[in-house]
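Visitor: Next up is a structure, given as structure tokens.
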Amino acid sequence: MKLTKVRLTKDASNRLRFLAGRTGLTPNLLCRMGFCLSLEEPKAPNPDEFAEEEREFNRYTLLGEYDVLYVALLRQRLHQDGLEPDRLEDHFRAHLNRGISLLQQRVRSVADLASLVPAPRAMKAISNREACK
């Protein structure tokens, strides 16, 4: 992905400020969580819906040392959706913007972040299924 700067819509930027104030987490961490939430959604976001841009992040600040992982997750999702990676940057931005909105709908405080993590029992069941394969 050639993207060096990532831009958010005005709406996503406002939501991110709200979330950062409520949770005390840095915007880059909130963006990462939102991106993952968006990847979990059944339908792919339309990149054309997120054309308006306001806030800008340096890509490394946003993704850090996990940059390759996030790009791989996005590529996998595009493959699942039957989409070509020719607009990878646009799809990345769309998932990021949509994810921030999803995160704001689910999180009002730091305590709400726990609801985003699978319960230990569910994780154990997943591990057991994987071991049986």
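Visitor: Out of all the residues in region 25-50, which are surrounded by 11 or more Cβ atoms within 10 Å (Cβ to Cβ) and either in contact with an Asp or Glu (Cβ under 9 Å, 6 or more places away or on another chain) or of a type in the set (S, T, Y) (or both)?
Guide: Matches in region 25-50: T26, S38, A44, P47, F50.
Visitor: Here's a follow-up. Out of L73, L62, L78, L88, I need the residue that is surrounded by 11 or more Cβ atoms within 10 Å (Cβ to Cβ) and touching a residue at least 60 places away in the same chain (Cβ under 8 Å). Which one?
Guide: Testing whether each residue is surrounded by 11 or more Cβ atoms within 10 Å (Cβ to Cβ) and touching a residue at least 60 places away in the same chain (Cβ under 8 Å) leaves just L88.
Visitor: Please indicate, with yes or no, whether at least one residue in region 92-100 is within 16 Å of T26 (Cα to Cα) and either loosely packed, with under 13 Cβ neighbours inside 10 Å or of a type in the set (V, I, T) (or both).
Guide: Looking through region 92-100, at least one residue is within 16 Å of T26 (Cα to Cα) and either loosely packed, with under 13 Cβ neighbours inside 10 Å or of a type in the set (V, I, T) (or both).
Visitor: Could you check region 1-24 and list, in sequence order, the residues that are surrounded by 13 or more Cβ atoms within 10 Å (Cβ to Cβ), of a type in the set (V, I, T) and either within 14 Å of the chain's Cα centre (by Cα) or not in a helix (DSSP H, G or I) (or both)?
Guide: Of everything in region 1-24, those that are surrounded by 13 or more Cβ atoms within 10 Å (Cβ to Cβ), of a type in the set (V, I, T) and either within 14 Å of the chain's Cα centre (by Cα) or not in a helix (DSSP H, G or I) (or both) turn out to be V6, T9.
Visitor: Which of the helices (runs of 4 or more DSSP H) contained wholly in region 25-87 include at least 3 residues that are more than 16 Å from V6 (Cβ to Cβ)?
Guide: 67-81
Visitor: Is there any pair linking a residue in region 32-55 that is within 11 Å of R98 (Cα to Cα) to one that is assigned to a loop (DSSP other than H, G, I, E, B) and of a type in the set (S, T, N, Q), with Cβ under 8 Å and at least six apart or on different chains, and which?
Guide: Here the result reads F50/T9, each pair linking region 32-55 to a residue that is assigned to a loop (DSSP other than H, G, I, E, B) and of a type in the set (S, T, N, Q).
Values in this text are rule-based calculations from the coordinates and carry no lab data. Everything numeric here is computed off the predicted structure, so don't read it as measured data. Don't worry about glycine lacking a Cβ; one is built from the backbone with ideal geometry, like all the others, and counts go over all protein chains shown.
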